[in-house]
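S.K.: Below you will find the structure I want to go over with you.
The values are calculated or read from the model by the stated rules, or taken from the named source; none is laboratory data. Fair warning: this is a prediction, and the values are worked out from it, not measured in the lab. Neighbour counts run over all protein chains shown; Cβ positions are idealised from the backbone, glycine included.
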Amino acid sequence: MSGPSAPPPADAGTGAVLELADMLDLVGMPRPKEQLDRFPHELSGGMRQRAVIASALICEPKVLIADEPTTALDVTTQSQILDLFDRLRQTLGMAMLLVTHDMGVVAGHTDRVFVMYAGRGVETGSTADVFERPRHRYTAALLASILRMDTRRKAPLYAIGGRPPDLTATLRGCPFAPRCPAVTAECAETDPPPARHGEHQWHCFHPAGQEQAAPETEEVPR
């Protein structure tokens, strides 16, 4: 078997190629016209990510959905990609939906947040409101698990106990109930109805913030 053949040379005079080069330039690709003739394995991780973003933008979408856009990128490249998203959102006037487990990304690059657990929406609201006043126990646990700069050197790290539910089984009640420190019999049997304060909405019978006690912690080896 022969190796992969080289891609056909880009005709720099065609309108389509010029448009592609312009889009690569918009997303910060260095020497965009030269990259049109390259295979993916010849590009760095950040360059490949920029190429994917350019391909998503070429049709001028009104909404861009980015699913874990910083996964497997080094910290510097992650920052560059997120700054690029912010700039493109302003330049192109489009909405953006970020799907991520990185709470730092959520805090620094979103206006609103929608928290999901076991495929269900459990809390939604403005990013500032949800981060400052989390109401669902899962949201509160996620935020408690973030390592803070002022954490004492040998203080135990917080981790959510238990395991995620089996999504192939029929779930009854609140899906977070088996892992929740405030669980009651009602939680295990009945789906919590939505509760609301302004634009902040959550599904929890025993919302966080109603007591002063800190959540129970599970020690994690450092």
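S.K.: Could you say which residue among 49, 90, 80 is in contact with a Pro (Cβ under 8 Å, 6 or more places away or on another chain) and more than 22 Å from residue 18 (Cβ to Cβ)? Step through it out loud before you land on a result.
M.R.: Details: 90 fails: in contact with a Pro (Cβ under 8 Å, 6 or more places away or on another chain); 80 fails: in contact with a Pro (Cβ under 8 Å, 6 or more places away or on another chain).
Result: 49 is the single residue among 49, 90, 80 that is in contact with a Pro (Cβ under 8 Å, 6 or more places away or on another chain) and more than 22 Å from residue 18 (Cβ to Cβ).
S.K.: Here is a check on your reading of the model: is residue 70 surrounded by 13 or more Cβ atoms within 10 Å (Cβ to Cβ) and farther than 20 Å from residue 141 by Cβ? Spell out how you get there, then give the answer.
M.R.: Numbers: surrounded by 13 or more Cβ atoms within 10 Å (Cβ to Cβ): yes; farther than 20 Å from residue 141 by Cβ: yes.
Yes; evaluated as a whole, the condition is true for this residue.
S.K.: Follow-up question, since we're still on this one. Just one of 196, 179, 172, 163 is basic (Lys, Arg) and crowded, with 16+ Cβ neighbours inside 10 Å; which is it? Talk me through it step by step, then tell me what you get.
M.R.: On the way: 196 fails: crowded, with 16+ Cβ neighbours inside 10 Å; 172 fails: crowded, with 16+ Cβ neighbours inside 10 Å; 163 fails: crowded, with 16+ Cβ neighbours inside 10 Å.
Residue meeting the stated conditions: 179.
S.K.: Follow-up. Could you grab the pairs with beta carbons closer than 7 Å, sequence gap of 6+ or different chains, first residue in segment 102-120 and within 16 Å of residue 75 (Cβ to Cβ), second one in a strand (DSSP E or B)?
M.R.: Every condition considered, the pairs that remain are 105/98; 109/98.
S.K.: Separate question: Condition (residue is over 20 Å from residue 197 (Cβ atoms), among the β-branched types (Val, Ile, Thr) and either within 22 Å of the chain's Cα centre (by Cα) or part of a loop (DSSP other than H, G, I, E, B) (or both)) applied to segment 122-145: is it met by at least one residue?
M.R.: Checked against the condition, which is being over 20 Å from residue 197 (Cβ atoms), among the β-branched types (Val, Ile, Thr) and either within 22 Å of the chain's Cα centre (by Cα) or part of a loop (DSSP other than H, G, I, E, B) (or both), segment 122-145 yields no hits at all.
S.K.: Across segment 132-142, what is the total count of residues that are surrounded by 16 or more Cβ atoms within 10 Å (Cβ to Cβ) and within 14 Å of residue 108 (Cα to Cα)?
M.R.: The number of residues fulfilling the criteria is 0.
S.K.: Report the residue count in segment 73-94 for those that are surrounded by 12 or more Cβ atoms within 10 Å (Cβ to Cβ) and modelled with pLDDT of 85 or more.
M.R.: The total comes to 14.
S.K.: So which residues in segment 144-160 are buried (at least 16 other Cβ atoms within 10 Å of the Cβ) and in contact with a helix residue (DSSP H, G or I) (Cβ under 8 Å, 6 or more places away or on another chain)?
M.R.: Residues satisfying the conditions are 158, 160.
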